[in-house]
Amino acid sequence: MNNPNIENIIEIEGLNTWYGDKQILSDISLNVVHKEIMVIMGHSGSGKSTLLRHMIGLNKPASGSIKLLDQEITSLDRKELHKLRRRIGVAFQNGALFSSMSLQENVELPLREHTKLDENTIRIMSRLKLELMNLSDSESLMPAELSGGMLKRAGLARAVVMDPDVLFFDEPTAGLDPVTSAELDDLILQLRDALNMTIVVVTHDLDSAFKIADRITVLDNGRQIITGSKEMIRNFPDPRIVNMLERKAMDELVDADDYLDKLTRK
Amino acid sequence: MNTYKIKSLSVIENQLIRLGIAGLFLLETFRTIILPPYSLKPLIKQIAFIGARSMLVIIVAGLFVGMVIALQFYDTLLRFGSISLLGSAVGLSLIRELGPVITALMVIGRAGSAMCAEIGIMRVDNQIDALECMAIDPYRYLFSPRILAGIICVPILTAIFILVGIFGGYFVGVILFGVSPGSFFQGMSDTILNRDILMCFSKSIVFGLLIVWIACDKGFNLHLDKHGAYGSEGVSRITTESVVISSMAILFSDYLLSALIL
């Protein structure tokens with residue numbers, strides 16, 4: 001940690017965002033503390049990935065404040081944003097590896113771009129991270145030759161190669177079999193414990209969320225239902241949470257006229 | 001009537017905004033070209049991609065274009081009894097127009113479309129977001145070597161095209177039809193002025209810039225295009241658009257530059 005005194009690694013206040021005339025996130029406020037694993041949950045289209053993109057400054061909000069490592073990310077210019085981003089790691093859902101580079105070259109890229117380390121050190125550091133992700137035998141493979149789980153782990157290796165203070169992980173277990181999912185969950189816990197990282201995970205996988213989270217934020221249609229510990233979530237009386245935990249679809253009351261209008265609308 | 005007016009205005013507005021974004025894209029890329037740090041390796045890789053790997057196509061195209069214009073001019077000049085002008089006709093048409101334009105069109109087909117699709121897929125696959133998140137400037141990392149390579153390679157490819165074209169013209173005119181080699185080359189060196197070479201050179205630099213600019217901007221700003229799909233269909237659409245727009249831009253700027261220099 002460069003700034004061990006910061007307790008709140010991420011602080012979001014009153015975040016609102018729109019795509020055209022549709023509100024995607026409304027009035028989100030949450031904080032993530034040092035060495036915490038915060039899981040953002042919600043079903044598809046609930047705005048969780050959009051929230052993640054706002055946290056790393058890829059999207060700008062319509063209103064609200066987002067502080068990442070004590071810096072207001074919404075008012076940073078390009079150069080300051082890049083400086084701040086050197087202290088974070090982001091693992092994308094599909095790995096987002098560069099298809100023209102081998103696995104090892106992908107993982108080495110941030111080191112080559114941002115450090116003046118010699119060739120041997122770069123190689124050792126990248127191998128260390130690949131070893132951590134159980135990928136040391138596949139370092140010379142191209143991304144097209146990897147399986148879904150390997151791509152995610154490789155993306156994770158690249159995200160943590162600079163030893164970031166904060167790691168963001170978008171859908172670590174989406175599209176993976178239960179065993180590989182469990183392996184990735186263990187890896188995330190290991191990263192927090194071994195490398196002292198603060199981790200934000202976006203997922204819709206209940207088992208994974210309850211296994212790794214210290215606290216969970218649940219979003220529904222862009223609204224924040226609750227942020228709290230696993231126990232709080234389990235005991236929260238809101239029917240949307242209860243249905244989510246019981247994996248049931250919401251029963252919505254449908255107005256006959258509205259429904260007809262929806263079907264016949266041009 | 002009113003609705004139509006408002007609608008057409010907003011389309012124009014949208015196009016103007018898009019043009020502004022493309023302008024800012026180029027400006028930002030030039031900023032990263034001028035300011036350090038500089039790295040040679042990505043530039044060499046792009047020169048290999050745009051230049052070296054287009055060489056064969058350019059040589060074949062140049063040879064046949066040179067041969068066919070010699071054939072056509074031979075037939076035309078024969079009617080006027082001015083066969084001695086064959087060399088200058090072949091040389092001038094290659095240097096002033098056909099060389100830069102056909103080379104540019106070949107580079108669009110071979111490298112521009114591939115570049116646009118590659119960047120578009122990087123955008124769709126979040127690879128460009130990943131670059132941003134790794135604090136790697138995509139303008140510096142992806143676009144400045146490509147733009148520079150375009151400006152360097154297209155003039156060189158044009159020169160090769162013209163050289164091979166003149167050889168093709170020589171083959172048809174001198175070897176097949178028996179025009180005297182002396183009058184072929186003498187006519188050429190008498191009529192081609194420095195201004196023609198300047199025109200050829202400036203055209204090919206502008207074309208090189210246009211091809212890479214349009215291809216990279218289309219791919220990079222794929223997500224801004226609100227019509228149509230984002231995924232693979234989006235990539236195929238922007239690739240087609242980039243080829244069409246850059247071909248049009250080449251032909252339009254060709255006229256503009258010819259009018260300016262002549």
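Side notes on the structure shown:
- Tail weight of P(r) past 33 Å, computed on alpha-carbon pairs of chain B, percent: 32 percent
- With bins 5 Å wide beginning at 0, the percent of Cα pairs of segment B:106-155 falling in each bin runs 5, 19, 25, 24, 15, 9, 3, 0.
- Violating pairs (Cα-Cα greater than 18 angstrom) within the set A:83/A:116; A:152/A:230; A:83/A:129: A:152/A:230; A:83/A:129
- Choice from A:158, A:127, A:247 showing the highest fluctuation, given a GNM over chain A with Cα pairs closer than 10 Å: A:247
- Segment A:99-235 - share of DSSP beta bridges that are antiparallel (%, nearest 5): 55 percent
- Nearest-0.05 FRET efficiency for residue A:117 and residue A:234, computed from C-beta distance (R0 41 Å): 0.30
- For chain B, adding -39500 (n - 2.57) for each run of n ≥ 4 DSSP H residues and dividing by the number of residues yields -26000 deg cm²/dmol at 222 nm.
- Projecting the Cα positions of A:159, A:181, A:134 onto the charge dipole of segment A:106-207 (unit charges on Cβ atoms of Lys, Arg, Asp and Glu, taken about the Cα centre) puts A:159 furthest along the positive direction.
- Nearest-20 debye value, segment A:42-129 charge dipole, Cβ charges on Lys, Arg, Asp, Glu: 140 debye
- With neighbours defined as other Cβ atoms within 10 Å of a residue's Cβ, the residues B:233, A:139 order from fewest to most as B:233, A:139.
- Three semi-axes describe the equivalent ellipsoid of segment A:1-151; taken as square roots of 5 times the Cα gyration tensor eigenvalues and ordered largest first, they are 32, 20, 15 Å.
- Reciprocal of mean inverse Cα separation for chain A (Kirkwood radius, Å): 19.7 Å
- Considering only B:131, B:56, B:40, the mean-square fluctuation computed in a Gaussian network model of chain B, springs between alpha carbons under 10 angstrom, is largest for B:40.
- Dipole magnitude for the protein assembly as shown: computed about the Cα centre from +1 point charges on Lys and Arg Cβ and -1 point charges on Asp and Glu Cβ, it is near 1600 debye.
- Evaluated at q = 0.05, 0.06, 0.08, 0.09 Å⁻¹: base-10 log I(q)/I(0), Debye formula over Cα of the protein assembly as shown: -0.29, -0.41, -0.66, -0.78
- The number of Lys pairs in chain B with C-alpha atoms less than 23 Å apart, excluding pairs fewer than 8 positions apart on the same chain, is 5.
- Dividing the mean sequence gap of close Cα pairs (under 8 Å, 6+ apart) by how many residues segment A:130-266 holds gives a relative contact order of 15 percent.
- GNM on chain B, alpha-carbon springs under 10 angstrom: the most fluctuating residue among B:250, B:214, B:34 is B:34.
- Estimated FRET transfer efficiency when R0 is 41 angstrom, pair residue B:252-residue A:194 (beta carbons, to 0.05): 0.10
- The long axis of helix A:178-195 is offset from the longest Cα principal axis of chain A by roughly 60 degrees.
- The mean sequence separation of alpha-carbon pairs under 8 Å and at least six residues apart, normalised by the residue count of segment B:74-175, gives a relative contact order of 45 percent.
- Positive-end residue of B:188, B:138, B:113, charge dipole of segment B:103-205 with Cβ unit charges: B:188
- Degrees, to the nearest 10: B:144-170 long Cα axis against longest axis of chain B: 20 degrees
- Charge dipole (debye, nearest 20) of segment A:199-251; +1 at Cβ of Lys and Arg, -1 at Cβ of Asp and Glu: 40 debye
- Across all directions, the average projected area of the convex hull around the alpha carbons of segment A:179-236 is 4.4 nm².
- Paramagnetic label reach from residue A:83 (point 7 Å along Cα→Cβ; backbone nitrogen cut-off under 18 Å): within segment B:30-45, residues B:36-37.
- At R0 = 30 Å, FRET efficiency that the Cβ-Cβ distance of residue A:7 and residue A:223 yields, to 0.05: 0.70
- Once the gyration tensor of the Cα atoms in segment A:75-207 is diagonalised, the equivalent ellipsoid follows with semi-axes of 22, 19, 14 Å, ordered largest first.
- Dimensionless Rg/Rh of segment B:170-262 - Kirkwood Rh, Rg from C-alpha atoms: 1.24
- Label-to-label distance, residue B:40 versus residue B:194, with points set 7 angstrom from Cα along the beta-carbon direction: 3.2 nm.
- Loop-located GluC sites (Glu not before Pro) in segment A:160-266, at most 16 other Cβ atoms within 10 Å (DSSP): A:246, A:252
- Relative contact order computed over segment A:29-156 (Cα-Cα under 8 Å; 6+ residues apart), in percent: 24 percent
- Note on A:102-114: average number of Cβ atoms from other chains within 10 Å of each residue's Cβ is 2.
Readers should treat all values here as calculations from the given coordinates under stated rules, not as data from a laboratory. What you see is a predicted model; the values in this text were computed from it and never measured. A quick note on method: Cβ atoms are made from the backbone with ideal geometry, for glycine too, and the neighbour counts reach across all protein chains shown.
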